[in-house]
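In what follows, a single structure is set out as structure tokens and then discussed.
The values are calculated or read from the model by the stated rules, or taken from the named source; none is laboratory data. Note that this is a predicted model, so its numbers are computed, not measured. Methodologically, a virtual Cβ is constructed for each residue, glycine included, from the backbone with ideal geometry; neighbour enumeration extends over all protein chains shown. These accessible areas exclude ligands, DNA and RNA; they are computed on the full protein's heavy atoms, side chains included. Shrake-Rupley method; radii C 1.70, N 1.55, O 1.52, S 1.80 Å.
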Number of protein chains: 2
Amino acid sequence: MRVPRKTGNSKLVKKLNKGEVLQQVIQHGQISRADISKETMLSRPCVSALVEEMIQEGLLHEVGMGDSKGGRKPILLEYNYQAYAIAGVIFEGTTLDMAIADLKGEFLARYRKRLALPSNGETVIEDLAAGLEQLLEESGIERERLLGVGVGLQGVTQRGSGTVSFSPSTGWMGSPIQQTIEERLGLPVIIDNDVNMMTLGEYVRGAGVGHSNVVYMYVGTGIGAGIILDGQFYRGSREAAGEIGFMMIGPVNNRPNDASGVFETNYSTSGILQQAKGFLSDLQEGSSVIEELIRLARQNNADAQRLLDDVYRHWAYGMANIVSVLNPELLILSGEMVHVDEEGVKRIHDWLNEWVPEVPSLEKASLGERAGLIGAVHCVLEAFPFSRLLDKE
Amino acid sequence: MRVPRKTGNSKLVKKLNKGEVLQQVIQHGQISRADISKETMLSRPCVSALVEEMIQEGLLHEVGMGDSKGGRKPILLEYNYQAYAIAGVIFEGTTLDMAIADLKGEFLARYRKRLALPSNGETVIEDLAAGLEQLLEESGIERERLLGVGVGLQGVTQRGSGTVSFSPSTGWMGSPIQQTIEERLGLPVIIDNDVNMMTLGEYVRGAGVGHSNVVYMYVGTGIGAGIILDGQFYRGSREAAGEIGFMMIGPVNNRPNDASGVFETNYSTSGILQQAKGFLSDLQEGSSVIEELIRLARQNNADAQRLLDDVYRHWAYGMANIVSVLNPELLILSGEMVHVDEEGVKRIHDWLNEWVPEVPSLEKASLGERAGLIGAVHCVLEAFPFSRLLDKE
DNA sequence: TCTTTGTTAGTAAAGTTAACTAACTCTATG
DNA sequence: CATAGAGTTAGTTAACTTTACTAACAAAGA
């Protein structure tokens, strides 16, 4: 059996069953002991005992009576989402974005700060710690009830070892940052790439809800993807899965250096801008290339129309490749792609229908800038499966 | 907990522990009770009891004494691989290839038959049943000790429902073939696509041993792949994962119909033959296009050299795409690709190094035509995890 | 009166620890 | 050189603990 066991004693069973009971309560929102017994195949006395313990531990609440089904009314139980809390952190370019959330993932307080640049690793961590204090105060949560902190950042993270190999904006290049933050905060920390965090956020709360094979495709100044297969995040053998910017799409010999992939070089926003140089005047800060191209195309600018079509077509190539390999049921479009208009999405979808069998649904990311934070919170929830709560006592 | 439970009683634990003990024995080949206790964290008396039961059930054997480590000599235990048996079946074009194996996956007898064409579903099943009888007789295994039959066939299989949606050679188009065979044989049956079976075979016994993120890439008259991620077979949301023949590689508009993918149309053996028409006389039955091209290229035939380079390059495109998405640690080359010479493999590898980070090892399939059968046997072994054996009694 | 919910009490299953027997190695000593 | 006995390791027996089960019952309602 794959279940991790510490002592090999039979308490294991109890914990498993307790976890199962807890899961039932969470799943159903409100449920009675009798119904838990039916769902779990555990006897009613056993369920009663487990529930009793969890009420003592503060994990469950009795919330009132349900409707009778021809006999005594059931006592409804509810999960105490306030029993513990979690913090999420996202470094997005030069801003630090944080939130504290309950076990449901609901935000209880939020905090943002513009980082002073150039930042070095130390000041950034102090900013983070200060933000956390602020959040704790604002939400009225005691520090002991914090389970952990999820941190998302741009760059290449090695989740296993908790190190960052490339992350200019935070000044954390190459350091074992997870451990450093853990020591500063005195809390468990999970770090991950920001695209992964957004993927997770959309998966649990956004466009991906209800699916289990999802690819989150991001086009910005780079191109990347987050991949969830059979309900599990897939990271690859060396955390490099989803580096779809390296697919062989478009001219092969344009690349400025080995760190930029072919697809990325040609069809990320920077690649598109390069191609649009002839007819597109400089964009102002914060505006979108695609929106601009769409605007021009609607004014019958032939260059813009041609380029837009080319971009859509090659993005569709990328999707076709992904679909061929992974056969996901859903492709979430994010970054620059959320600006594609309805007609554009339809065009892409039609191409896919022509090229590949089993075309997935295409949906735009639905959580906007909150996706990353939500993901950061949920990655902690995932890392502390409910069974872990049962250890705390 | 995800573990399926039938009765919710505490016998579950025992079965889990029994399974763990069994797994230790299998893993170590020979091991003593004391060492099992250390590995599993179960107490020695508990291990003794479980082992005793399994010896009674015929699953384990005492095989002698081990070396003393300063005290009493340990009694070594061994798994009884002969306790049960498994059959594997592959329909390969017009031949039926079968084997019966022990729980180690070692073949005990083998059977081949050329099928009469045109075959219809019924005669094929009778051929299969006859083959099984023969195998049982030849190996001296009693029917009751057969755990199940793994069947691999060309075509699109829906493993969940046990149906085949496309399989001209067997005449089983669209039928719930798994159930039909189960009823005819009176044994559990697992069906799967032949490429999947070969993938599994190479994974457990061939080039893939010791890796857990493996892509098995097959180029023949079609192009396909089998995918193993984090040690699990990945099939996609509708069993269409690994349909890499649909990647967007090469000219898009050559396709004869929607059932052929772009990559496949251009760079499967048929696609290559198409391109070689000008200078390659017809091949005789059973010879390889690539071998032929390599032969001609070595004779300084410029056309052959150009085409071969083009083929290698575009195969490498395919690999680069796969690697970008999945970051496997190993890519197994099979089908026509096993004929690529050392220099060709090196050229492909160099390209990959240029194009993508984290290039996986490239290895040719090592089991030849036995891969599929080995996979068919192992897929039954996987489907009947050892814990299941403990139910049999 | 019949159902459904929840609890109490006694029992059974499967693990644990502690203590014991068995069998072997190593070393010191006559 | 052989050999007693001290120390180790393997496996078993016995008593105890944990945890879930069944059966019976009380509470509350249709």
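The table below lists the values:
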read-out: Residues that are in a helix (DSSP H, G or I), within 24 Å of B:A85 (Cβ to Cβ) and touching a helix residue (DSSP H, G or I) at 6+ places or on another chain (Cβ under 8 Å), drawn from segment B:21-49; value: B:V21, B:L22, B:Q23, B:Q24, B:V25, B:I26, B:H28
read-out: Residue in segment A:74-96 that is within 16 Å of DNA strand C (Cβ to nearest atom) and either under 24 Å from the mean Cα position of the chain (by Cα) or of a type in the set (D, E, K, R) (or both) present; value: yes
read-out: Qualifying residues in segment A:4-28 (those that are among the charged types (D, E, K, R) and within 11 Å of DNA strand C (Cβ to nearest atom)) - the one modelled with the highest pLDDT; value: A:K11
read-out: Check on B:V214, within 16 Å of A:L326 (Cα to Cα), among the aliphatic types (A, V, I, L, M) and not assigned by TED's automatic domain parsing to the domain that holds B:D97; value: yes
read-out: The one condition in (1) surrounded by fewer than 20 Cβ atoms within 10 Å (Cβ to Cβ); (2) within 16 Å of DNA strand D (Cβ to nearest atom); (3) more than 27 Å from the chain's Cα centre (by Cα) that B:K18 fails to fulfil; value: (1)
read-out: 2 or more residues aliphatic (A, V, I, L, M) and within 18 Å of A:G372 (Cα to Cα): qualifying strands (runs of 3 or more DSSP E) within segment A:130-215; value: A:146-153, A:189-193
read-out: Some residue of segment A:267-286 being polar (S, T, N, Q) and touching a strand residue (DSSP E or B) at 6+ places or on another chain (Cβ under 9 Å); value: yes
read-out: Counted residues, segment A:47-61 - those being more than 8 Å from DNA strand C (Cβ to nearest atom) and open to solvent by 80 Å² or more (accessible area, probe 1.4 Å); value: 2
read-out: Candidate set: segment A:101-111, residues that are at pLDDT 95 or above and out of contact with any Phe, Trp or Tyr (no Cβ under 7 Å at 6 or more places or on another chain); chosen: the one farthest from DNA strand C (Cβ to nearest atom); value: A:Y111
read-out: Tally, over segment B:74-106, of residues that are open to solvent by 30 Å² or more (accessible area, probe 1.4 Å), more than 20 Å from B:T199 (Cβ to Cβ) and touching a residue at least 60 places away in the same chain (Cβ under 8 Å); value: 2
read-out: Matching residues in segment A:248-307 - criterion: being of a type in the set (D, E) and in contact (Cβ under 8 Å) with a residue 40 or more places away in the chain; value: A:E264, A:E291
read-out: Filtered residues of segment A:344-376 (kept if at pLDDT below 95 and of a type in the set (D, E)); value: A:E358, A:E369
read-out: Any hit, segment B:323-345, residues being assigned to a helix (DSSP H, G or I), closer than 30 Å to A:G224 by Cα and open to solvent by 30 Å² or more (accessible area, probe 1.4 Å); value: yes
read-out: Filtered residues of segment B:256-279 (kept if closer than 19 Å to B:G344 by Cβ, open to solvent by less than 20 Å² (accessible area, probe 1.4 Å) and of a type in the set (A, V, I, L, M)); value: B:I272, B:A276
read-out: In segment A:54-73, the residues that are part of a loop (DSSP other than H, G, I, E, B), more than 10 Å from DNA strand D (Cβ to nearest atom) and over 17 Å from A:Q23 (Cα atoms); value: A:G66
read-out: Yes/no for B:A225 being part of a loop (DSSP other than H, G, I, E, B) and within 11 Å of another protein chain (Cβ to nearest Cβ); value: no
read-out: Pairs where the first residue, in segment A:358-372, is open to solvent by less than 70 Å² (accessible area, probe 1.4 Å) and the second is among the polar types (S, T, N, Q), C-beta under 7 Å, 6+ apart; value: A:E358/A:N327; A:V359/A:N353; A:A365/A:S334
read-out: Among (1) surrounded by 15 or more Cβ atoms within 10 Å (Cβ to Cβ); (2) under 32 Å from the mean Cα position of the chain (by Cα); (3) modelled with pLDDT under 90 - the single one A:I31 does not satisfy; value: (3)
read-out: Selected residue (only one of B:V209, B:V195, B:V214, B:V204 is touching a Phe, Trp or Tyr at 6+ places or on another chain (Cβ under 7 Å) and away from every other protein chain (no Cβ under 11 Å)); value: B:V195
read-out: Residues that are in a loop (DSSP other than H, G, I, E, B) and within 24 Å of the chain's Cα centre (by Cα), drawn from segment B:229-259; value: B:D230, B:G231, B:R235, B:G236, B:S237, B:R238, B:E239, B:A240, B:A241, B:G242, B:E243, B:M247
read-out: When residues of segment B:34-44 are limited to those that are open to solvent by 30 Å² or more (accessible area, probe 1.4 Å), within 12 Å of another protein chain (Cβ to nearest Cβ) and more than 32 Å from the chain's Cα centre (by Cα), the one nearest to DNA strand C (Cβ to nearest atom); value: B:S43
read-out: Cross-chain or 6+ apart pairs with Cβ under 7 Å, segment B:53-73 first and closer than 21 Å to B:A85 by Cα, then open to solvent by less than 80 Å² (accessible area, probe 1.4 Å) and of a type in the set (S, T, N, Q); value: B:G58/B:N80; B:L59/B:N80; B:L60/B:N80; B:H61/B:N80
read-out: Condition check for A:S270: small (G, A, S) and either within 10 Å of chain B (Cβ to nearest Cβ) or part of a helix (DSSP H, G or I) (or both); value: yes
read-out: Some residue of segment B:287-300 being open to solvent by 50 Å² or more (accessible area, probe 1.4 Å), under 19 Å from A:E243 (Cβ atoms) and either in a helix (DSSP H, G or I) or not small (G, A, S) (or both); value: no
read-out: B:R235 under 30 Å from B:F107 (Cβ atoms) and not assigned by TED's automatic domain parsing to the domain that holds B:N321; value: no
